[in-house]
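Asks: Quick one: the structure is below, questions incoming.
The values are calculated or read from the model by the stated rules, or taken from the named source; none is laboratory data. Computed from a predicted structure; not experimentally measured. Note that we place each Cβ from the backbone using ideal geometry, even for glycine, and neighbour counts take in every protein chain shown.
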Amino acid sequence: MPDMNYTISHDIPGRIRFKFPGGGFSQEETAALCHSLAKNSFIHKIQPYRLSGGLAVNYEEGCREEVIEAVAGLKRAELKDYELPVGEVPYNAYTDQYLNQLVYMIGKRVLTKLYMPSGLKAFWMMKGALPYVLKAVKRLWSREKLNVDVLDAAAISVSILKRDYDTSGSVMFFLSVGNLLEEWTHKKSRDDLAKGLALRVNSAWVRRNGQESLANLKDIAIGEQVVARMGSYIPVDGVVLQGEAMVNQSTMTGESLVQRRIPGDTVYAGTVIEEGELLIGVTALESETKLNQIIKLIDESEGLKAAVQSKIENMADAIVPYSFLIAGGVYLATRSVALASAALMVDYSCALKMTTPIAILTAMREGTQHGFVIKGGKFLEEAALVDTIVFDKTGTLTEAKPYVVDVIGFGGYRRDRVLRLAACLEEHFPHSVAAAVVAKANEKNLKHREMHANVEYIVAHGIASYVEDKRVVIGSGHFVFEDEKVEVTAAEQEVIDKKAEAYSLLFLAVGGRLAGMLCIEDPIRPEAAGIVGELKALGIHHIALLTGDSEKAAQAIARRIDADDYRSQVLPAEKADYINSLRRQGRRVMMLGDGINDSPALSSANVGIAMKNGADIARDIADVVLTQGNLKSIVALRRLSSLLIRRIENNFRFTVGFNSGLLTLGVLGIISPGSSALLHNLSTVATGVSSMRNYLPE
């Protein structure tokens, strides 16, 4: 295929519109076109016109030639073979598909109403009515309770028997439009949700026959060998075959400290190698299985209806028998089929059962735009009703990016000497705490030359080496004081106890004597205090904090964010116990956490929320997943859920009021059955379309 020649149909500063020969683009080509051009930072907005083969590009001022060059380099053949990132939804794929269906349905309805001969119209209407009648017969045959399917079939059948084909056609047309709108919203919402949760890793380095090559993940098989190096994501689940690396597993554990991984250890997709290199035997392809799990999860969440949705659906079904009773009563009183059929033309359940799930799915879809993915309608309702929120500290209220606040020397060691020695050892193991120590030394312009012998890393404890023939160790209090048997004086212990009230401590010992201490803090997110204030203003009256820190450290953090309660030095099981105790008090609880240790508490809460980079198990258990790593999304969740409940209630009031008015006018003979059916279906579609409006400003 030749290059995509083009003409410029409109050109103003900051915006060019291109026209391509050869007709419009397919949905796949349109997706590839948008994604390919969006890689250029000077392009701000892309608006394709799929059916006409046009493209409008908004760009950074002064970059006109770069835009033209980027567009000129496109090839249609390459667009056909272009591979989107995992989880990327083709541009307007469902919108285009359902828009075309809607245009077709409208065109067919107009042609049928205006130009079809009456004899053929009768056959056409009976053919269209057959599916509705069969569905109603099946319902009656199974002896289930009367529902809207039976009512719809009765209304259509009565109109056909009266030879009122316009009315029967209108009823079927608006029912079809309503079903189409609901199906479109459902599919679009489902794909937006999948896109929000998907782990976008597309390729990996694979070792085959002793040679390394970059391969697409979908072409990698279980059992193959993948190479992952420093600074890169591990793209698969697997077992380490060769190598050694320090792996940041915050996506799995929620903790910022890295872990050493050696042959025989398990590693997971989405974790990051901070130092080293690993050869991994593939046991699961995360890029393939994760998306499937997510889509399955979202499909299953369709059963997680909000209680208000189930309540309204039950009420809607309960109204149906009364519609038949009213129609029968009108016929007995007036002997008028027209007046009796007016009662069948109006049903409450159609609008109620259509608009409520549309409103919920719209809210779920919009949630992805505001930084969270919610896994079912019932959790949206619960989010509107909660009165208590419980925060885990590490990785949720904090940024999981520790830094050195203070350095203290003991035994004649000056601060600079302590920091230089600490950085000299820690630079070999650049996990987050070590990186904080090295960064502090660099900030002070301290040169930490290689003065030591080989460095020994003691997993989960600390580091040991030799400087000037003296053993130097750095690590936790347990490692330094218990394992290394370093003694501490009463005066030193007093200083340690005071600092331990507010900070995590890293100890340095030289030659068996305490030389210094580094005070490390994991800072509170800057938005945390403001978010707590907004949540209280939105009706969440009780804010609690759970942390493994000391009592005084927990008290200080609770004071900074204006929490109403806190618990210090809590274990995972104790977090769940605390949540359960709140629920026994009658509170509705929202829990925010990110690690494996938070999972029991997340599952115990009315609404469990996991952070974007939280542990896999936390994300799986949680009812809501924050996708932007920002606490502001919690405020958006609360507002969105409250507005959803308000919209559902307003839809209910409008539907009951408007249809009751139509029913009264129809039974009194003021409006005809056809007009009643038209107004009823128009109001249903209008309410459905209204339910698709965004809740929150962009």
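Asks: Among the residues of the range 638-670, what is the count of those that are in contact with a Phe, Trp or Tyr (Cβ under 8 Å, 6 or more places away or on another chain) and either exposed (fewer than 15 other Cβ atoms within 10 Å of the Cβ) or within 30 Å of residue 335 (Cα to Cα) (or both)? Lay out the reasoning, then the answer.
Replies: Taking the range 638-670 as the starting set, the residues that turn out to be in contact with a Phe, Trp or Tyr (Cβ under 8 Å, 6 or more places away or on another chain) are 639-640, 643-644, 647, 655-656, 659.
Cutting the leftovers down to either exposed (fewer than 15 other Cβ atoms within 10 Å of the Cβ) or within 30 Å of residue 335 (Cα to Cα) (or both) gives us 655-656, 659.
Final tally of qualifying residues: 3.
Asks: Name the single residue that is surrounded by the most Cβ atoms within 10 Å (Cβ to Cβ) among those in the range 145-165 being of a type in the set (D, E, K, R) and at negative phi.
Replies: Going through the range 145-165, the residues of a type in the set (D, E, K, R) turn out to be 145, 149, 152, 162-164.
From what's left, at negative phi: 145, 149, 152, 162, 164.
Numbers: 145: 10, 149: 20, 152: 23, 162: 15, 164: 19.
The qualifying residue surrounded by the most Cβ atoms within 10 Å (Cβ to Cβ) is 152.
Asks: Quickly run through the range 451-469 and pick out the residues that are at pLDDT below 70 and small (Gly, Ala, Ser).
Replies: Of all residues in the range 451-469, those at pLDDT below 70 come to 451-461.
The answer is 453, 460.
Asks: Regarding the range 470-480, can at least one residue be identified that is part of a loop (DSSP other than H, G, I, E, B), touching a helix residue (DSSP H, G or I) at 6+ places or on another chain (Cβ under 9 Å) and either outside the structural domain of residue 414 (by TED's automatic domain parsing) or at pLDDT 80 or above (or both)?
Replies: Within the range 470-480, none of the residues are part of a loop (DSSP other than H, G, I, E, B), touching a helix residue (DSSP H, G or I) at 6+ places or on another chain (Cβ under 9 Å) and either outside the structural domain of residue 414 (by TED's automatic domain parsing) or at pLDDT 80 or above (or both).
Asks: Moving on. Output the residues belonging to the range 117-144 that are on the phi < 0 side of the Ramachandran plot, at pLDDT below 85 and not in a helix (DSSP H, G or I).
Replies: Passing the criteria: 142, 144.
Asks: Residues in the range 278-296: is at least one at pLDDT below 75, polar (S, T, N, Q), outside any loop (DSSP other than H, G, I, E, B) and under 18 Å from residue 206 (Cα atoms)? Full working, then the answer.
Replies: In the first step, residues of the range 278-296 are kept if they are at pLDDT below 75; the result is 285-296.
If we keep only those that are polar (S, T, N, Q) as well, we get 287, 289, 292-293.
Next cut, outside any loop (DSSP other than H, G, I, E, B) only: 287, 289, 292-293.
Within this subset, residues satisfying the condition of being under 18 Å from residue 206 (Cα atoms) are 287.
Yes - at least one qualifying residue is present in the range 278-296.
Asks: Filter the range 519-536 down to the residues that are assigned to a strand (DSSP E or B) and in contact with a Lys or Arg (Cβ under 8 Å, 6 or more places away or on another chain), then identify the one that is modelled with the lowest pLDDT.
Replies: First, pick out the residues of the range 519-536 that are assigned to a strand (DSSP E or B): 519-521, 524.
Remaining after also requiring in contact with a Lys or Arg (Cβ under 8 Å, 6 or more places away or on another chain): 519, 524.
Details: 519: 91, 524: 83.
Residue satisfying both the conditions and the ranking: 524.
Asks: Could you list all residues from the range 528-563 that are of a type in the set (Asp, Glu) and over 29 Å from the mean Cα position of the chain (by Cα)?
Replies: Restricting attention to the range 528-563, the residues satisfying the condition of being of a type in the set (Asp, Glu) are 534, 549, 551, 562.
549, 551, listed by residue number.
Asks: So, one more: Tell me which residues, restricted to the range 661-691, are closer than 19 Å to residue 356 by Cβ and modelled with pLDDT of 80 or more.
Replies: 683, 686, 687, 690, 691
Asks: Which pairs have Cβ atoms under 9 Å, sit 6 or more apart or on different chains, and link a residue in the range 309-331 that is at pLDDT 75 or above to one that is surrounded by fewer than 18 Cβ atoms within 10 Å (Cβ to Cβ) and in a helix (DSSP H, G or I)?
Replies: Qualifying pairs under 9 Å: 331/337.
Asks: Being under 30 Å from residue 439 (Cα atoms), surrounded by fewer than 22 Cβ atoms within 10 Å (Cβ to Cβ) and not acidic (Asp, Glu) narrows it down to one of 371, 376, 395, 409, so name that one. Lay out the reasoning, then the answer.
Replies: Details: 371 fails: under 30 Å from residue 439 (Cα atoms); 376 fails: under 30 Å from residue 439 (Cα atoms); 395 fails: surrounded by fewer than 22 Cβ atoms within 10 Å (Cβ to Cβ).
None of the others qualify; the one that does is 409.
Asks: Does at least one position in the range 576-596 carry a residue that is of a type in the set (Lys, Arg), farther than 30 Å from residue 498 by Cβ and part of a loop (DSSP other than H, G, I, E, B)?
Replies: Going residue by residue through the range 576-596, those that are of a type in the set (Lys, Arg) are 583-584, 587-588.
Adding the requirement that they be farther than 30 Å from residue 498 by Cβ leaves 583-584, 587-588.
When the remaining residues are screened for being part of a loop (DSSP other than H, G, I, E, B), the result is 587-588.
Yes, the range 576-596 contains a residue that is of a type in the set (Lys, Arg), farther than 30 Å from residue 498 by Cβ and part of a loop (DSSP other than H, G, I, E, B).
Asks: When you go through 270, 264 one by one, which is the residue that is on the phi > 0 side of the Ramachandran plot and at pLDDT 85 or above?
Replies: Numbers: 270 fails: at pLDDT 85 or above.
So the residue among 270, 264 that is on the phi > 0 side of the Ramachandran plot and at pLDDT 85 or above is 264.
Asks: State the number of residues belonging to the range 158-171 that are touching a residue at least 24 places away in the same chain (Cβ under 8 Å), closer than 19 Å to residue 119 by Cβ, assigned to a helix (DSSP H, G or I) and more than 44 Å from the chain's Cα centre (by Cα). Spell out how you get there, then give the answer.
Replies: First, pick out the residues of the range 158-171 that are touching a residue at least 24 places away in the same chain (Cβ under 8 Å): 158-160, 162-171.
The next check asks that each one be closer than 19 Å to residue 119 by Cβ; those that pass are 159-160, 162-169.
Narrowing further to those that are assigned to a helix (DSSP H, G or I): 159-160, 165-169.
Within this subset, residues satisfying the condition of being more than 44 Å from the chain's Cα centre (by Cα) are 159-160, 165-166.
The total comes to 4.
Asks: What tally of residues in the range 50-65 results from selecting those that are within 30 Å of the chain's Cα centre (by Cα) and either more than 24 Å from residue 21 (Cα to Cα) or without any contact (Cβ under 8 Å) to a residue 12 or more places away in the chain (or both)?
Replies: Number satisfying all stated conditions: 0.
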